[in-house]
Amino acid sequence: MKPHSRFVLSVLAFGYAFLYIPLVFVIVYSFNDSRIATIWGGFSTRWYGELFRNDQVLDAALLSLRIAFTSATIATILGTMAGLVLARFGRFKGRTLFSGMITSPMVMPEVITGLSLLLLFVTLQQLTGWPGQRGFSTITIAHTTFSMAYVAVIVQSRLMSMDESLEEAAMDLGGRPVRVVFDITLPLIAPAMVAGWLLAFTLSLDDLVIASFVSGPGSSTLPMYIFSKVKLGVSPDINALATLLIAAVSLGVLIAWIAMRRMRT
């Protein structure tokens, strides 16, 4: 083996080890019988039982999943529309401003985004009475706001690299623009839309900072619950919860990879 190849493999192995060895430790210690998370006390699944008997965890997880699914779906719809406008409408008045407004949530600090949205919701409550209480709706709007930018960039990149001859041929054959979009364009960019939805879902499920600003009493998401628990010390049930999240994400990635592979063949 050449020295260059050994160096590349060594760097690759170190990178994977740096990323995944901590996850392996979390999974292993989730089966720890000891109450102290960092001291091995024998194999046990007791903390999984404790986790599923904790109503607070289950409520936070269910709320996070509902928010992530709703915000990812709305963000995919709006982001796809924005990507189509940027990729297919050419130069139009206000394009630079529109493009900047779409991509600004990607570079804006989360603290600024969360604070601005909090001020917006407080002002709306004073003027219109909505929202009566910050919770599911306000967090969903906030997550849609910043995750839509990622979907728009992914869809726009896919459209820019796609051959426009198929769309032009469809219109030459008498297809109306709206029909061409639904019959030709959307099926071709479906993998990008799926990727955008998965990314938006993950970003929403993982968000802590913005959700902390726009949530109210009784509407703690799962990251907020985990953060509040970790501040008091890591307990074995948190390791069990993290293991279940790792398993769910791994399964989702596997299903998405299989689905996208079948769509390409």
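What are the pairs with Cβ atoms under 8 angstrom where one residue, in region 33-61, is loosely packed, with under 14 Cβ neighbours inside 10 Å and assigned to a helix (DSSP H, G or I) and the other, located anywhere, is modelled with pLDDT of 85 or more and among the aromatic types (Phe, Trp, Tyr)? Sequence gap at least six, or different chains.
So the pair list comes out as Gln56/Tyr225; Leu58/Phe52.
Being β-branched (Val, Ile, Thr) and either more than 29 Å from Ala211 (Cα to Cα) or in contact (Cβ under 8 Å) with a residue 60 or more places away in the chain (or both) is the filter here, so list the residues in region 144-164 that pass it.
Thr144, Val151, Val153, Ile154, Val155
Would region 86-108 turn up any residue that is under 30 Å from Val178 (Cβ atoms), more than 18 Å from the chain's Cα centre (by Cα), among the polar types (S, T, N, Q) and exposed (fewer than 12 other Cβ atoms within 10 Å of the Cβ)?
So far as region 86-108 goes, yes, one or more of its residues are under 30 Å from Val178 (Cβ atoms), more than 18 Å from the chain's Cα centre (by Cα), among the polar types (S, T, N, Q) and exposed (fewer than 12 other Cβ atoms within 10 Å of the Cβ).
Can you pull out the helices (runs of 4 or more DSSP H) entirely within region 169-256 that have at least 1 residues that are farther than 30 Å from Asn32 by Cα?
177-180, 190-206, 209-214
For every residue, the table says whether it meets (1) under 24 Å from Met148 (Cα atoms); (2) in contact with a helix residue (DSSP H, G or I) (Cβ under 7 Å, 6 or more places away or on another chain); (3) among the β-branched types (Val, Ile, Thr).
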{"position": "Ala169", "(1), (2), (3)": "no, no, no"}
{"position": "Val178", "(1), (2), (3)": "yes, no, yes"}
{"position": "Met193", "(1), (2), (3)": "yes, yes, no"}
{"position": "Trp197", "(1), (2), (3)": "yes, yes, no"}
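Hey, among Ile27, Ile67, which residue is in contact with a Ser or Thr (Cβ under 6 Å, 6 or more places away or on another chain), under 30 Å from Ala149 (Cβ atoms) and of a type in the set (A, V, I, L, M, F, W, C)?
None of the others qualify; the one that does is Ile67.
A quick yes/no check of all residues on (1) within 18 Å of Thr243 (Cα to Cα); (2) of a type in the set (S, T, N, Q):
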site: Asn32; (1), (2): yes, yes
site: Gly49; (1), (2): yes, no
site: Ser64; (1), (2): yes, yes
site: Phe92; (1), (2): no, no
site: Pro105; (1), (2): no, no
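Quick check on my filter: what residues within region 204-232 are among the small types (Gly, Ala, Ser) and either closer than 18 Å to Thr140 by Cβ or in contact with a Leu (Cβ under 7 Å, 6 or more places away or on another chain) (or both)?
Ser204, Ala211, Ser212, Ser215, Gly216, Gly218, Ser219, Ser220
Considering every residue within region 236-244, establish whether at least one is under 19 Å from Pro22 (Cβ atoms), surrounded by fewer than 20 Cβ atoms within 10 Å (Cβ to Cβ) and of a type in the set (A, V, I, L, M).
Yes, region 236-244 contains at least one residue that is under 19 Å from Pro22 (Cβ atoms), surrounded by fewer than 20 Cβ atoms within 10 Å (Cβ to Cβ) and of a type in the set (A, V, I, L, M).
Given the conditions (1) touching a residue at least 12 places away in the same chain (Cβ under 8 Å); (2) loosely packed, with under 10 Cβ neighbours inside 10 Å, which single one is not true for Ile74?
(2)
The values are calculated or read from the model by the stated rules, or taken from the named source; none is laboratory data. Predicted, not measured: the structure shown is a model, and the values here were computed from it. Note that we place each Cβ from the backbone using ideal geometry, even for glycine, and neighbour counts take in every protein chain shown.
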